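Remarks on the structure that follows.
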C-alpha cells in the first residue's frame with residue numbers, strides 16, 4: 001500500500017525525490033506559499049514528512065518542513081500519480097557514480113518513467129539532478145514527448161550543504177529548455193516562486209547541464225591547486241605558510257576578477273564534488289578526448305587524508321609515542337563545517353588509515369552536528385563531549401570548522417590535552433595570533449601547508 005498525501009486540491013508543484021536537494025527545494029517553495037507534494041519511493045521518509053519530520057542534516061530544514069506541513073502547504077506521497085495536474089514537476093533524484101566512473105542515470109530514468117503516465121500538455125518538467133549533457137533531451141524524447149506536449153528544461157541545483165536554504169533564495173537560477181517556449185515558461189515559474197533571485201534562460205538544456213559540471217569541476221580543481229600548494233609548503237625546508245601565500249596571490253586582479261585560490265583542507269567530500277569531475281572525464285572519453293584536469297583534481301583531493309595521516313604519524317613517532325599508546329582525538333567527522341552531512345567525508349579514509357596503523361584503540365571522535373544514526377552508518381562511535389574527546393590526547397585533529405570547535409580556546413586545549421600535544425588544523429585556519437597562543441601553552445601546531 002502506498003503512503004498518499006492528505007486529500008486536498010491539486011498541489012502546485014511535485015518534487016520527485018525527497019533527498020537532500022528535493023527536501024530543501026520543497027520546503028522553501030512551501031514556505032513561499034506554493035502547495036508542494038514530495039514524491040519518493042522511501043515510505044519511511046514520506047511517513048516522517050507527513051508528520052512534519054525530516055532526517056536530512058541541513059540547518060533550519062527540519063523547522064521549515066514542520067512549518068510547511070502544519071500550514072498544509074507540504075505533503076508527501078509514494079504514489080507518482082500525486083504529480084497529476086500539478087503546474088511543475090521537479091526531478092531531484094540522485095545520479096551516483098557507476099563502477100565505470102560514469103553517471104548512473106537509472107534513478108533519473110525510473111523517476112521520469114514513474115510520473116510520465118500522469119503528465120499532460122503544458123506541464124513544466126525540470127530536471128534538477130546533476131547529469132551529463134544530453135540527458136534532459138533523452139528523457140524528453142524517449143519518455144515524455146510520446147505522452148504529452150510538456151515544457152521541459154534542465155535547471156541545475158547549485159546549493160551548498162550547510163547553507164542550502166539561503167542559497168536557493170539567493171543564487172541565480174538557470175534554466176535551459178528544449179525550446180525557447182520551454183525555457184521562458186520554466187524561467188517564469190522560478191521568477192514567480194522566488195522573486196528575490198535572478199533567473200537566466202539558456203539556449204539549450206545541454207548548456208545548462210554543462211554549467212553544473214563546470215561549476216563543480218572548477219571548485220574541485222581550485223581546491224586541488226590549494227592542496228598541492230599546501231603539500232609543497234609542507235615539503236620545502238622554509239617557513240612558508242600556505243594561507244599567507246594564498247592571501248597574497250588572491251590580491252592580484254586579472255581582467256575583471258581577482259585570483260581566487262580557495263583554501264586547502266584535510267580533503268574533499270560530499271555527494272557532488274567527489275563524482276561530478278568524473279562525469280566530465282567520462283564525457284571526454286566518450287567524445288574521444290583525454291581530459292587531464294578532472295582526473296588530476298580528483299586524485300589530488302582524494303590523497304589528502306593520507307597526507308594528513310602521514311603528518312600526524314610522523315609527529316607522534318618523532319615524540320617516541322607508539323601507536324598503541326597514543327590517544328588521537330578527532331574534532332569533526334562531517335565533510336563540511338557547520339553541517340552534519342557525512343556523505344563521502346574525507347575523515348572516513350583518515351580514520352581507516354589511523355586504525356590500520358594501530359591508533360584505533362584510543363581514537364576518539366566528536367562531532368555535535370552528526371547524528372548517532374549517521375555515525376553508526378559509518379562505523380564510528382561519537383563522544384558527545386569535546387572536552388572528554390580532547391582530554392589527555394597526544395594529537396588533536398580539528399577536521400571541521402563547526403562553531404562549537406571555533407569557540408575552543410588555546411587555554412582549553414592546553415588544559416585538557418597531553419603536555420606537548422599536537423594540534424593539527426585541517427579546516428579551521430587559525431590566525432597567527434591563535435597559533436602563538438597554542439605554542440605559548442607548550443602545544444605543537446601543524447596545519448595543512450602551515
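How many residues are closer than 19 Å to residue 270 by Cα and buried (at least 19 other Cβ atoms within 10 Å of the Cβ) if we restrict to the range 222-244? Give the derivation first.
Here is the first cut: in the range 222-244, the residues closer than 19 Å to residue 270 by Cα are 222-227.
Okay, now just the ones that are also buried (at least 19 other Cβ atoms within 10 Å of the Cβ), so 223-224, 226-227.
Of the residues in that region, 4 qualify.
Within the range 359-391, the residues that satisfy the criterion of being loosely packed, with under 13 Cβ neighbours inside 10 Å, in contact with a helix residue (DSSP H, G or I) (Cβ under 7 Å, 6 or more places away or on another chain) and over 25 Å from residue 56 (Cβ atoms) are 361, 387.
If you go through the range 40-56 one residue at a time, do you hit one that is in contact with a helix residue (DSSP H, G or I) (Cβ under 6 Å, 6 or more places away or on another chain) and touching a residue at least 60 places away in the same chain (Cβ under 8 Å)?
First, pick out the residues of the range 40-56 that are in contact with a helix residue (DSSP H, G or I) (Cβ under 6 Å, 6 or more places away or on another chain): 40, 52, 54, 56.
Remaining after also requiring touching a residue at least 60 places away in the same chain (Cβ under 8 Å): none.
Checked the range 40-56: no residue is in contact with a helix residue (DSSP H, G or I) (Cβ under 6 Å, 6 or more places away or on another chain) and touching a residue at least 60 places away in the same chain (Cβ under 8 Å).
When the residues of the range 184-197 are filtered to those that are free of Cβ contacts under 8 Å to residues at least 40 places away in the same chain and out of contact with any helix residue (DSSP H, G or I) (no Cβ under 9 Å at 6 or more places or on another chain), the one that is surrounded by the fewest Cβ atoms within 10 Å (Cβ to Cβ) is 196.
Here the condition is being under 24 Å from the mean Cα position of the chain (by Cα), at pLDDT 95 or above and closer than 30 Å to residue 433 by Cα; of 264, 205, 237, it holds for 264 alone.
Is at least one residue of the range 177-188 within 23 Å of residue 23 (Cβ to Cβ), at pLDDT 95 or above and under 24 Å from the mean Cα position of the chain (by Cα)? Even if it seems obvious, please write down each step before you answer.
Taking the range 177-188 as the starting set, the residues that turn out to be within 23 Å of residue 23 (Cβ to Cβ) are 186.
Among the residues that remain, those that are also at pLDDT 95 or above are: 186.
Applying the additional criterion that residues be under 24 Å from the mean Cα position of the chain (by Cα) yields none.
No, every residue in the range 177-188 fails to be within 23 Å of residue 23 (Cβ to Cβ), at pLDDT 95 or above and under 24 Å from the mean Cα position of the chain (by Cα).
Within the range 203-223, residues that are free of Cβ contacts under 8 Å to residues at least 40 places away in the same chain reach partners that are assigned to a helix (DSSP H, G or I) with beta carbons closer than 8 Å, at six or more positions or on different chains, in the pairs 203/183.
Looking across the range 394-407 at every residue that is farther than 17 Å from residue 266 by Cβ and in contact (Cβ under 8 Å) with a residue 12 or more places away in the chain, the one that is surrounded by the fewest Cβ atoms within 10 Å (Cβ to Cβ) is identified as 403. Scanning the range 158-168 for residues that are surrounded by fewer than 23 Cβ atoms within 10 Å (Cβ to Cβ) and at negative phi yields 158, 159, 160, 163, 165, 166, 167, 168. Anything in the range 198-220 that is closer than 17 Å to residue 135 by Cα and surrounded by fewer than 22 Cβ atoms within 10 Å (Cβ to Cβ)? List them, or say none. Those that are closer than 17 Å to residue 135 by Cα and surrounded by fewer than 22 Cβ atoms within 10 Å (Cβ to Cβ): 202, 203, 204, 206, 207, 210, 211, 214.
Of 330, 350, 354, which residue is out of contact with any strand residue (DSSP E or B) (no Cβ under 7 Å at 6 or more places or on another chain), buried (at least 22 other Cβ atoms within 10 Å of the Cβ), at pLDDT 95 or above and not in a loop (DSSP other than H, G, I, E, B)? Every option except 350 fails the conditions.
Confirm whether residue 86 is at pLDDT 95 or above, in the same structural domain as residue 156 (by TED's automatic domain parsing), surrounded by 17 or more Cβ atoms within 10 Å (Cβ to Cβ) and not in a loop (DSSP other than H, G, I, E, B). Answer is no for this residue. Figure legend. Inter-residue proximity from the range 62-86: first residues without any contact (Cβ under 8 Å) to a residue 12 or more places away in the chain, second residues surrounded by 22 or more Cβ atoms within 10 Å (Cβ to Cβ), beta-carbon distance below 7 Å, spacing 6+ or different chains. Indicated pairs: 62/54.
From 311, 298, which residue is within 26 Å of the chain's Cα centre (by Cα), at pLDDT 95 or above and surrounded by 14 or more Cβ atoms within 10 Å (Cβ to Cβ)?
Numbers: 311 fails: within 26 Å of the chain's Cα centre (by Cα).
None of the other options fit; the residue is 298.
Only one of 424, 429 is buried (at least 19 other Cβ atoms within 10 Å of the Cβ) and either under 27 Å from residue 343 (Cβ atoms) or assigned by TED's automatic domain parsing to the domain that holds residue 355 (or both); which?
From the options 424, 429, the qualifying one is 424.
Only residues that are part of a helix (DSSP H, G or I) and modelled with pLDDT of 95 or more were counted across the range 357-374, and they come to 0. Among the residues making up the range 102-117, a single one is within 16 Å of residue 128 (Cβ to Cβ) and surrounded by fewer than 16 Cβ atoms within 10 Å (Cβ to Cβ): 110.
The values are calculated or read from the model by the stated rules, or taken from the named source; none is laboratory data. Every value quoted in this text rests on a predicted model; they were computed, and no experiment measured them. With ideal geometry, Cβ positions are generated from the backbone for all residues, glycine too; neighbour counts draw on all protein chains shown.
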